[in-house]
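Participant: Dumping the structure here so I can ask a few things about it.
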Amino acid sequence: MIAADLMTKNVVTVLPETTLADAARIMLAQRVSGLPVLNDSGHLVGVVTEGDLLRRAELGTEGEQPSWLKTFLVPSRLAEDYVHSHGRHVSEVMTEQPIFIAPGTSLAEVAALMHNKRIKRLPVLENGTLVGVISRSNLLAALSRKLIETAAKSSDDSIGDYILAELKRERWAPKSGIRVHVQEKVVTLEGVIFSDAEHKAVKVIAENAPGVAAVDDRLVYIDPGSGMAFPTA
């Protein structure tokens, strides 16, 4: 999947001269955490988000730089902070030159950008024109659909083959000692594992097999220190 498959196309935007009061009302009414900012020519010039409105004089949340730190800050930096916490228009608090993506950007790249840059929404531009916005909620909706999908055609053999292939592919997985039996789409796991993390991961592989109905966990945990065996269930 790519960004174009999930993005919101009817995007609400604001202008640099939009008041913060109006921007806040729009975000609340539209239930969004941020708004793209377009200039009169329709070009993206910034993004204003909830985070940009957290440090405000009106709320008493603007904070104060410690006096010793102010000694090292140039007046222009202090003036910028003042504008951000006291400004009345979007242009005074927005994030300029925001990160954006193309419609063909993969969801893996989208998720990585959101995680690494700690952002919730990404404008989607095509040939310089805003064509959509993709947010964390869009990714969450896609994940929700994937989690409840069931394979239309699956057999006991295909379920077993999937589990064995995944166990073989993962470096952490036991390469022997795990037995997989599938009957009427119910997976029975037998054998030994040597850590709680291993146990959970093997179960996750079985639960993720396309078409699986249930997992009967009969694995046994062997304590590496004592050699004693304990049932995992």
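Quick note: the coordinates plus some simple rules give every number you see, no bench work behind them. Computed from a prediction, not measured in an experiment: that's the story for all the values here. Cβ: placed from backbone, ideal geometry, glycine included. Neighbour counts: every protein chain shown.
Participant: Using Cα-Cα distances under 8 Å and only pairs 6 or more residues apart, what relative contact order does the chain have, in percent?
Facilitator: Over the chain, the number comes to 16 percent.
Participant: Take every DSSP beta bridge whose two residues both sit in the stretch 107-233, then give the antiparallel share in percent to the nearest 5. Please list the in-between numbers first.
Facilitator: Numbers: 15 of 23 bridges.
Around 65 percent of the beta bridges assigned by DSSP in the stretch 107-233 are antiparallel ones.
Participant: Could you give the C-alpha radius of gyration of the chain expressed as a fraction of 2.2 N^0.38 Å, taking N as the number of residues it contains?
Facilitator: The chain yields a ratio of 1.50.
Participant: Using only helices, what value at 222 nm comes out for the chain when you add -39,500 (n - 2.57) per DSSP H run of length 4 or more and divide by the total residues, to the nearest 500 deg cm²/dmol?
Facilitator: Rounded to the nearest 500, it is -10500 deg cm²/dmol.
Participant: Quick one: putting +1 on the C-beta of Lys and Arg, -1 on the C-beta of Asp and Glu, what dipole do you get for the stretch 156-231 around its Cα centre, in Debye to the nearest 20?
Facilitator: In debye, rounded to 20, the stretch 156-231 gives about 240.
Participant: Shifting gears a bit: Using only Cα atoms, tell me the angle between helix 156-169 and the longest principal axis of the chain; keep it within 0 to 90° and round to the nearest 10.
Facilitator: 70
Participant: I'd like the antiparallel share, as a percent to the nearest 5, of DSSP beta bridges with both residues in the stretch 156-231.
Facilitator: Percent antiparallel among DSSP bridges in the stretch 156-231 is about 55.
Participant: Could you work out the local net charge near residue 23, counting Lys and Arg as +1, Asp and Glu as -1, over the other residues with Cβ closer than 13 Å to its Cβ?
Facilitator: Net charge in that neighbourhood comes out at -2.
Participant: Which lysines, on any chain, are close to residue 146 with Cα under 26 Å apart, when same-chain ones fewer than 8 places away are left out?
Facilitator: 9, 117, 120, 168, 185, 200, 203
Participant: Which semi-axis lengths, in whole Å and largest first, follow from the square roots of five times the eigenvalues of the Cα gyration tensor of the stretch 183-231?
Facilitator: Numbers: eigenvalues 115, 23, 5 Å².
For the stretch 183-231, the semi-axes come out at 24, 11, 5 Å.
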